[in-house]
1. Kindly list the residues of region 59-98 that lie in the label zone of Thr200, defined by a backbone N under 15 Å from the point 7 Å along the Cα-to-C-beta vector.
2. Between Arg9 and Ile154, how high is the FRET efficiency from 1/(1 + (r/R0)^6) when r is the Cβ-Cβ distance and R₀ = 35 Å? Nearest 0.05.
3. By the scheme Lys and Arg +1, Asp and Glu -1, what is the net charge of all other residues having a beta-carbon under 14 Å from that of Glu137?
4. With r defined as the distance between the Cβ atoms of Glu81 and Asp177 and R0 fixed at 41 Å, what FRET efficiency is calculated, to the nearest 0.05?
5. So for region 67-204: antiparallel DSSP bridges make up what percent, rounded to the nearest 5?
6. How much of the accessible area of the chain, in percent, comes from carbon and sulfur atoms when a 1.4 Å probe is used?
7. For region 51-168, what is the accessible area per residue in Å² when the probe is 1.4 Å?
8. How many percent of Cα pairs in region 98-204 exceed 15 Å?
Amino acid sequence: MIAFELGDRDVAAIAAAVEAADLVLLGGGGLFQDTLAFDPDAILTPRHHGISYYGGIPLLSAAFGTPCALYAVGVGPLTTEAGRAGTRAAVERAALVTVRDAASKATLVDLGVDAFRVHVTADPANRLPPAVPARAEEIVARAGLDTARPRLGIALRHWEIGVDPAAWEQQAALAVDEFLETHGGVAVFVPFQALDDSLTNDVA
């Protein structure tokens, strides 16, 4: 198995990995969205990101004759014609297309992708086996949390594109308060990632 990570800038290494693979799996996650501007000229360059990054993988796969499967990807929002065209071009070159929700399938069908080619499946996160209760309690205790009370796990990502962060954060806080007042327990915030920019720094 050969893996490369989000943000890789070594296009030659990515191409070599795709060429050497028997199958390329791309996903899961909300990969095809143009909330961050899509630059078609950045495809397969060190400047790639978003659709120009993820869309380049099926293009490379097609060029090398390596089958590419889109695994439980999210599609949308696609607000620009360039984003729609780039996504459609990538999806059309995939040998198998699976999406994580019905809305993603509807978006692809709206782009002109044959509905019979698009299969709705579970988000990969939902397929993770849960830790056994003893292991879960060990993790909770090590974090210094109260093990005698129920816990509500919350994973939030900062988002400020097209929305007012203060407004959605207030609504999220009200919902958590209401849940805890109704059910008891404590809230536990779980950051999934801590990367460089504000949109991907869950810790902040």
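The values are calculated or read from the model by the stated rules, or taken from the named source; none is laboratory data. Note that the structure is a prediction, hence the values are computed from the model and not measured. Please note: Cβ atoms are built from the backbone with ideal geometry, for glycine as well, and neighbour counts cover all protein chains shown. Quick note on the areas: whole protein, heavy atoms, side chains included, nothing else; ligands and nucleic acids left out. Shrake-Rupley method; radii C 1.70, N 1.55, O 1.52, S 1.80 Å.
1. The answer is none.
2. E(calc), rounded to 0.05, equals 0.60.
3. Counting the neighbours of Glu137, the net charge comes to +2.
4. For Glu81 and Asp177, the calculated efficiency is 0.45.
5. Taking every DSSP beta bridge with both residues in region 67-204, the antiparallel ones total about 10 percent.
6. Using a 1.4 Å probe with all protein chains present, the chain comes out at 58 percent carbon and sulfur.
7. Accessible area per residue, region 51-168: 55 Å².
8. 77
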